[in-house]
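In what follows, a single structure is set out as structure tokens and then discussed.
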Amino acid sequence: IMDMNCSLSVNKGVPCGVSKSNFGLRGCTLRNTKWVLGVACYVGDDSKVRMNSFPPPSKNSELERFLNNCVLIILAFLLVCSFYFAVASRFVDEVTLPFYKIFLKYLVILYPVLPMTLYITFEIVHLIIGVQIEVDPLMKDEATGTNAQARNTSVVEELGQVDFVFSDKTGTLTANEMRFAYCCVGSATLGPFLPDGSLPGQGYEQAKAAMRSGSDDVRAFFVALAVCHTVKIDQDGTYQGESPDEVALVEAARSVGIELEARETAGSSVIHRVRSPWGVEDNEVTHVLGFTSDRKRMSVVCATKDGGAVVTTKGADSVMEGLCSGPLPSEAVRALGEFSRQGLRTLLVARRRVAPLDFAAWRARWDQASSAMEDRTAKIEAVAAAIEESLTFTGVTALEDRLQDRVPSTIAMLREAGIRVWVLTGDKVETAVEIAKSCQLIDSGMRLVEVVNATSSKDCTRMFREGLEGPPEKNKSGGGRGIVLDGGSVSFILEDKKARTALYELAVASSSCVCCRLSPLQKRELVELVRQENPTAITLAIGDGANDVPMIQGAHVGIGVRGKEGSAAVQACDMAVSEFSFLGNLVLCHGRKSYRRIATFLCFFIYKSVALGWSYIVYAHAMLFSGEGAYPQWLDVIWNPLTSCAVVLILASDIDVPDEVALQSPHLYAPGPERRLFNPRSFARWMVVATIHGILSWCVPVYWLTTEPERLERPLTEGGAFWQASFTAFSTVFMTVHLKLFMVAEKPLQWIGIVALVLELVLYLPIALGLGSGLAPSHELLGAPQKVFQSWRHVATIFVVPVLAVLPEILQAFICSYSGVRRRSRRGTGTEADRAVSRQLVHSGGGDSSDSGDSSQSDGDSSSEEHHGVCVC
């Protein structure tokens, strides 16, 4: 439940506002009262289950959309061919059938060319790859024993085509384990509070000494930390809070001797009992003004004995500074800058005393706003803001949120792979930049284009143009470009078309971007900006909290990190992992393999259907468009069942290089973003090969094994010479596509592939012999298979023609491999990664890779460039 506006009155009494905080959730225990009034709400069609029973956003990969277009093109081609054959038959005197019958007969004859089973096998391949992701030991969280989860396998291939990664910071890059590091109270900076090895931090003794010496400022500061929160206390005395920040602050207060001892309910108020060296004090919290992404602060209102109140507020300095009664002390300003440069999360704490009359008037306004039926949220925020004014500065807190393990190396790998990494956070600019440097998002030699505190969209556009025109590096060490944005500037950018375009142009020329002070909606809008400016760019978003859900759902691929902020991100994502570091393995290993596997699978599946279809087209011309099939009935029915199993199992488990090598050589990821393996040109090349193989596999057996009278004889003799040649041609196509599968696979001799291949070949013989024994309704094949397997000419044709068909590819692979071995042995080079580049260039079409530029992207890797040249032969 996100929000609820309700007003409840008993016996026509004073209306009482009811909100989502009044819900009694399952497992609640009734305490401190003898009875409650319960209201049944959100029932029937308004229940959570019914209102949320709609399908989640559907995501289709780019390859799937391209596949749909290819199938439509093939269908259109079949319709055109059938129409052409029907029209051509009108000019042949021997054909007496009417036009529509010829057209329909050829539609039925050419139907096997349409790869309808492709969609079923396509999902099976996705399922197999999803299982491989979930059982990968490299993505298993050792602490919890949890594996990665593939919630939406339809987008696995897009993991291998990622252009932009959008990442949250807190809980995604960091461990979301807050530790109190420093604080600034009055004109003094206390700390560090972080332990030095086995020794406790010096800050605790500094704070205790200051309070013993009578410092009311330090005492008031830590009392504020012990009171301003929504932390609960477990039975064992541990603190549990909505966020790790609150728990860290309360624990810091306890460490200096000001302890939150109990949290009790007293009527509509909550008592925060605080024990300190000066005794026990009960703080009656009458109102909690909660934190939101818009307010960026939270406050508690504590009633005093004289009927007044004390308001304690903590929040982002960008907001709190405007709420204070005067400018911040110079020491506080200096401390904020210093803490931010260290990458620490800062909060500013302030207080205010409210007179009894003012508090009574404010409380009446609060009750009225809380029971409002329209615009309740806006009215409550307005009343809350009215009491959060003229605050007195109390102090500054600085929390450390350490980076997760292997985050810097993961970001470095993604950038080396050519992926642009954006970090979207709500932190200050200085804090975000320092963290970006520590996680290798920003290099020392990188030229930063800072668009911060912009005053208009034109100002943003001008700074983008200047950043794009300048040199990509600020010194000779290199590093490329980086972008720094803040929330205010992003607001201007999103409103102006020219600014949006300018940002995207600069983003393409940059390798990283840090966006600060962003709201959850702005995160989603930045993802949409990239998708709108370049519809072909693949975006990936990763986050761990509910505020990351819009961003995760807005990207092509959404990754949820199991963190400490609930499971909303995991429930809304496509893939779930336990650590950010697993993203490297997910993208550079599984993503790269998935794109290569599925691209090859789609092309090959359509190839084998088209190769079979050319037999019908050639025979239609030879028979003067009489509407007769090239193969005996029922023979082409077994085509897809006996040619799909091996394709699925071999290509779905095909591996070119081990995952360790892929992680060490991120430039191997390049074919995916550059769309080398599945694009109009590569698809056309596959269709040309299918045409050659199909025509060769039909013409050689039929025209070599039969005479013209035997081909034109009507009616054809059951099991006669023509049907023997037709069966031989079918067997030739069958062997050709299997040999082609052997050539396109990186490792076709894996045990699962061998089993599937042998099974298909073994099953083909008894099925063919069974059809030739009269088991099928049609008797055209009667006795033909037995005669074919007894003739050396027919058997030789079945085995020789497929070898001749794929001979150019065999020679190309041999020449490239031989040349690479000779050059490596002569120079003493040749890593596994280099061999992987060679193999990928061979299987992606050799010289065709030059269309997208050098695939190595390895900055001086001479061996990779050397193999690039060798393989374009």
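The residue that is nearest to Asp544 (Cα to Cα), among those in the range 132-170 that are touching a Lys or Arg at 6+ places or on another chain (Cβ under 6 Å) and touching a residue at least 60 places away in the same chain (Cβ under 8 Å), is Phe164. Are any residues in the range 405-418 surrounded by 23 or more Cβ atoms within 10 Å (Cβ to Cβ) and either not polar (S, T, N, Q) or not in a helix (DSSP H, G or I) (or both), and if so, which ones? Once the filter is applied, which keeps residues that are surrounded by 23 or more Cβ atoms within 10 Å (Cβ to Cβ) and either not polar (S, T, N, Q) or not in a helix (DSSP H, G or I) (or both), the range 405-418 yields Val407, Ile411, Met413, Leu414, Ala417. Of all residues in the range 776-809, those satisfying the criterion of being loosely packed, with under 13 Cβ neighbours inside 10 Å and over 16 Å from Ser731 (Cβ atoms) are Pro777, Leu807, Pro808. Please go through the range 707-763 and give me each residue that is under 19 Å from Phe789 (Cα atoms), in a helix (DSSP H, G or I) and among the β-branched types (Val, Ile, Thr), ordered by number. Across the range 707-763, the qualifying residues are Thr728, Thr732, Val733, Thr736, Val758, Val762. Contact map, the range 196-211: first residue without any contact (Cβ under 8 Å) to a residue 60 or more places away in the chain and under 16 Å from Val223 (Cα atoms), second residue open to solvent by 20 Å² or more (accessible area, probe 1.4 Å) and in a helix (DSSP H, G or I), Cβ cut-off under 7 Å, separation 6 or more or different chains; pairs are Tyr204/Ser255.
On inspection, Arg597 qualifies as basic (Lys, Arg), touching a Ser or Thr at 6+ places or on another chain (Cβ under 9 Å), in a helix (DSSP H, G or I) and crowded, with 22+ Cβ neighbours inside 10 Å. Residues in the range 150-183 that are within 12 Å of the chain's Cα centre (by Cα) and among the small types (Gly, Ala, Ser): Ala150, Ser154, Gly160, Ser167.
Residues in the range 287-328 that are exposed (fewer than 13 other Cβ atoms within 10 Å of the Cβ) and on the phi > 0 side of the Ramachandran plot: Gly307 alone.
The residues of the range 543-567 that are of a type in the set (D, E, K, R) and open to solvent by less than 10 Å² (accessible area, probe 1.4 Å), listed by number, are Asp544, Asp548. For the range 670-701, a residue qualifies if it is aliphatic (A, V, I, L, M), touching a residue at least 60 places away in the same chain (Cβ under 8 Å) and in a helix (DSSP H, G or I), and the qualifying residues are Met687, Val689, Ala690, Ile692, Ile695, Leu696, Val700.
Every residue, every condition in (1) touching a His at 6+ places or on another chain (Cβ under 8 Å); (2) hydrophobic (A, V, I, L, M, F, W, C); (3) surrounded by 16 or more Cβ atoms within 10 Å (Cβ to Cβ); (4) assigned to a loop (DSSP other than H, G, I, E, B), yes or no:
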{"residue": "Phe193", "(1), (2), (3), (4)": "no, yes, yes, yes"}
{"residue": "Gly203", "(1), (2), (3), (4)": "no, no, yes, no"}
{"residue": "Phe221", "(1), (2), (3), (4)": "no, yes, yes, no"}
{"residue": "Ala252", "(1), (2), (3), (4)": "no, yes, yes, no"}
{"residue": "Gly257", "(1), (2), (3), (4)": "no, no, yes, yes"}
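For the structure I just gave you, tell me whether Thr313 is over 23 Å from Cys184 (Cβ atoms) and of a type in the set (Ser, Thr, Tyr). Spelling it out, it is not the case that Thr313 is over 23 Å from Cys184 (Cβ atoms) and of a type in the set (Ser, Thr, Tyr).
The set of residues from the range 489-520 being under 20 Å from Thr425 (Cβ atoms), open to solvent by less than 20 Å² (accessible area, probe 1.4 Å), modelled with pLDDT of 90 or more and not hydroxyl-bearing (Ser, Thr, Tyr) comprises Val490, Ile493, Leu503, Leu506, Ala507, Cys513, Val514, Cys515. All of Glu284, Glu331, Glu246, Glu264 fail the test of being surrounded by fewer than 20 Cβ atoms within 10 Å (Cβ to Cβ), in contact (Cβ under 8 Å) with a residue 12 or more places away in the chain, of a type outside the set (Val, Ile, Thr) and not in a strand (DSSP E or B), apart from Glu331.
Anything in the range 577-615 that is among the charged types (D, E, K, R) and touching a Gly at 6+ places or on another chain (Cβ under 8 Å)? List them, or say none. If the condition is that a residue be among the charged types (D, E, K, R) and touching a Gly at 6+ places or on another chain (Cβ under 8 Å), then Arg592, Lys593, Arg596 are the ones that fit. Of the residues making up the range 223-243, those that are more than 38 Å from the chain's Cα centre (by Cα) and either assigned to a helix (DSSP H, G or I) or touching a residue at least 24 places away in the same chain (Cβ under 8 Å) (or both) are Val223, Ala224, Leu225, Ala226, Val227. Residues that are on the phi < 0 side of the Ramachandran plot, of a type in the set (D, E, K, R) and surrounded by fewer than 24 Cβ atoms within 10 Å (Cβ to Cβ): does the range 586-594 have at least one? Checked against the condition, which is being on the phi < 0 side of the Ramachandran plot, of a type in the set (D, E, K, R) and surrounded by fewer than 24 Cβ atoms within 10 Å (Cβ to Cβ), the range 586-594 yields no hits at all. Ala432 fulfils the conditions (1) assigned to a loop (DSSP other than H, G, I, E, B); (2) in contact with a strand residue (DSSP E or B) (Cβ under 7 Å, 6 or more places away or on another chain); (3) over 30 Å from Arg219 (Cα atoms) except for a single criterion, (1). Among the residues making up the range 149-168, those that are surrounded by fewer than 23 Cβ atoms within 10 Å (Cβ to Cβ) and in a loop (DSSP other than H, G, I, E, B) are Arg151, Asn152. Each residue in the range 288-328 was checked for being assigned to a strand (DSSP E or B), over 33 Å from the mean Cα position of the chain (by Cα) and farther than 18 Å from Val223 by Cβ, and 2 of them qualify. Residues that are farther than 30 Å from Asp217 by Cβ and at pLDDT 90 or above occur in the range 168-177; there is at least one. Among the residues of the range 113-143, those that are part of a helix (DSSP H, G or I) and open to solvent by 20 Å² or more (accessible area, probe 1.4 Å) comprise Tyr119, Ile120, Glu123, Ile124, Leu127, Ile128, Val131, Gln132, Glu134, Pro137, Leu138.
Here Pro641 passes the criteria (1) open to solvent by 20 Å² or more (accessible area, probe 1.4 Å); (2) modelled with pLDDT of 90 or more; (3) outside any loop (DSSP other than H, G, I, E, B) except the one numbered (2).
The lone criterion from (1) of a type outside the set (D, E, K, R); (2) under 30 Å from Gly17 (Cα atoms); (3) surrounded by 16 or more Cβ atoms within 10 Å (Cβ to Cβ) left unmet by Gly343 is number (2).
The values are calculated or read from the model by the stated rules, or taken from the named source; none is laboratory data. Note that the coordinates shown come from a computational prediction; the quantities given were computed from them, not determined experimentally. As a convention, Cβ positions derive from the backbone with ideal geometry for all residues, glycine included, and neighbour counts pool all protein chains shown. Keep in mind that these areas ignore ligands, DNA and RNA; they rest on the heavy atoms of the full protein, side chains included. Shrake-Rupley method; radii C 1.70, N 1.55, O 1.52, S 1.80 Å.
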